[in-house]
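What follows is a set of notes on a single structure, which appears directly below.
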């Protein structure tokens, strides 16, 4: 990237959402995509489960619902068109005893109200026929749920953006940004430690964990309205590593979510390569905490106990620590969940709290940003 370059749109953050926005906007605008790491998706986007969600859990008017449902269809189509590996595994949300049946039926009714397709209530006999190793008295089957290779997805989005003329600049860290007569001025540190200036008519903040800090640097009150202050929530996974036991599971298996939808409980996910995982758990971090993606074995007993409620044959030796990821949230400990924030102000577009189902919704989020920008 050359000094004093001007573009129509500068996008900060090359996670899956930033890449999708770059691919979308660069079809008819000049775009620069800035990323402080050495490649795309090095924080949240490469440390998630790769699940293509259906849009089941949140209120019908939330962006987490509408953009997830739209993004689900768009993501499968994109994967087909761009040779990205994807599997429609399907998912079961299970009732583990008779006392959970009313909540299961209530969740199904709410999901149908949301417009989620391909849902079915299964009896215990039907659950056994599909997943004989899972103990449950009933389940919701979500056939539109699947898994995708998120790294291949991001590679394909980057390729589409570059083919459209996007200037992608890795190891370029934004040091200062301000409004100016042309829109926005960004001072950026390049890989050699030098400084360059980029001007842009519009600015998209898709910086994930750093989105609120960049908004504050631009002069916004992140505790005002809309609320941009983010919290960070750590999630660990364990892998089921005994091949015979891992092969018993063919679909994603989720318990009922927490009543306030603050978490989905310890669940089973499959990855595109056939790996089987448990998790994630949840741990709130202080704002000053550094990210540490190294796995540890501190919570094996908790994971095992949660999983044995519906996988009683699982044993401690079947598990090994898996990946670690971080959720970007607009809610804090003890607060109810909050929706995505996708907000425009005079050429500035802010994306806050883009946690799950952000990857599923990424292409729909990109379309939403285009609408906001006009």
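Quick notes on this structure:
- Contact map, the stretch 73-91: residues that are outside any helix (DSSP H, G or I) paired with residues that are crowded, with 18+ Cβ neighbours inside 10 Å and at pLDDT below 95, Cβ distance under 7 Å, separation 6+ or inter-chain. No pairs are found.
For (1) surrounded by 18 or more Cβ atoms within 10 Å (Cβ to Cβ); (2) part of a helix (DSSP H, G or I), each residue gets a yes or a no:
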position	(1), (2)
140	yes, no
154	yes, yes
160	yes, yes
165	no, no
169	yes, no
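- Verdict on residue 181 being under 29 Å from residue 27 (Cβ atoms) and free of Cβ contacts under 8 Å to residues at least 12 places away in the same chain: yes
- Residue 32 part of a helix (DSSP H, G or I) and either out of contact with any helix residue (DSSP H, G or I) (no Cβ under 8 Å at 6 or more places or on another chain) or surrounded by 24 or more Cβ atoms within 10 Å (Cβ to Cβ) (or both): no
- Listed by first and then second residue, the pairs with beta-carbon distance under 9 Å, at least 6 apart or on different chains, first residue in the stretch 278-302 and modelled with pLDDT of 90 or more, second loosely packed, with under 12 Cβ neighbours inside 10 Å and not in a loop (DSSP other than H, G, I, E, B), are 300/316; 301/316.
- Just one of the numbered conditions (1) over 18 Å from the mean Cα position of the chain (by Cα); (2) in contact (Cβ under 8 Å) with a residue 40 or more places away in the chain; (3) in a loop (DSSP other than H, G, I, E, B) is not true of residue 245: (3).
- Filter result for residue 216 (assigned by TED's automatic domain parsing to the domain that holds residue 43, within 23 Å of residue 333 (Cα to Cα) and free of Cβ contacts under 8 Å to residues at least 40 places away in the same chain): yes
- Remark: residue 69 falls outside the filter, which requires a residue to be under 25 Å from residue 115 (Cα atoms), outside the structural domain of residue 253 (by TED's automatic domain parsing) and either touching a strand residue (DSSP E or B) at 6+ places or on another chain (Cβ under 7 Å) or surrounded by fewer than 18 Cβ atoms within 10 Å (Cβ to Cβ) (or both).
- From 108, 121, 130, residue being farther than 30 Å from residue 37 by Cβ, outside the structural domain of residue 19 (by TED's automatic domain parsing), modelled with pLDDT of 95 or more and touching a helix residue (DSSP H, G or I) at 6+ places or on another chain (Cβ under 7 Å): 121
- No other residue among 334, 347 is at positive phi, more than 20 Å from the chain's Cα centre (by Cα) and without any contact (Cβ under 8 Å) to a residue 24 or more places away in the chain apart from 334.
- Qualifying positions in the stretch 278-336 - assigned to a helix (DSSP H, G or I) and either outside the structural domain of residue 258 (by TED's automatic domain parsing) or closer than 23 Å to residue 251 by Cβ (or both): 303, 304, 305, 306, 307, 308, 318
- Check on residue 37, in contact (Cβ under 8 Å) with a residue 12 or more places away in the chain and in contact with a helix residue (DSSP H, G or I) (Cβ under 6 Å, 6 or more places away or on another chain): no
Quick grid of which residues meet (1) closer than 26 Å to residue 87 by Cα; (2) touching a strand residue (DSSP E or B) at 6+ places or on another chain (Cβ under 6 Å):
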| position | (1), (2) |
| --- | --- |
| 258 | no, no |
| 311 | yes, no |
| 329 | no, yes |
| 337 | no, no |
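- All positions within the stretch 92-112 that are in contact with a strand residue (DSSP E or B) (Cβ under 7 Å, 6 or more places away or on another chain), touching a residue at least 60 places away in the same chain (Cβ under 8 Å) and assigned to a helix (DSSP H, G or I): 104, 107
The values are calculated or read from the model by the stated rules, or taken from the named source; none is laboratory data. In this text the structure is predicted, and so the values were computed from the model without any measurement. In this analysis, Cβ positions are derived from the backbone assuming ideal geometry, glycine residues included, and neighbour counts consider all displayed protein chains.
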